[in-house]
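To start, the structure itself, in structure tokens.
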């Protein structure tokens, strides 16, 4: 779906890379092990994921507005 959204111009290349990162994070099932790296690192990953989702919503809405 990420590649299709990029091909149709719904998202840009930088967001495509971030969404791929988010997909990889989602597919990682050992979150407890990840939290062992420390609270700050874990919070930074959470913030990055939230920012990626927010950017996806903004770019998708902009595309929908431009393509009624």
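The values are calculated or read from the model by the stated rules, or taken from the named source; none is laboratory data. All figures in this text were calculated on a predicted structure; none of them were measured in a lab. All Cβ positions, even for glycine, are placed from backbone atoms using ideal geometry, and neighbour counts span all protein chains on display.
For the structure I just gave you, tell me whether residue 62 is at pLDDT 90 or above and part of a helix (DSSP H, G or I). Lay out the reasoning, then the answer.
Details: at pLDDT 90 or above: yes; part of a helix (DSSP H, G or I): yes.
Criteria met by residue 62.
Looking at the range 1-48, what helices (runs of 4 or more DSSP H) fall wholly within it and have at least 2 residues that are at pLDDT 90 or above and loosely packed, with under 13 Cβ neighbours inside 10 Å? Before you say what the answer is, go through the steps one by one.
On the way: elements: 2-7, 13-27, 31-35.
Those helices (runs of 4 or more DSSP H) span 2-7, 13-27.
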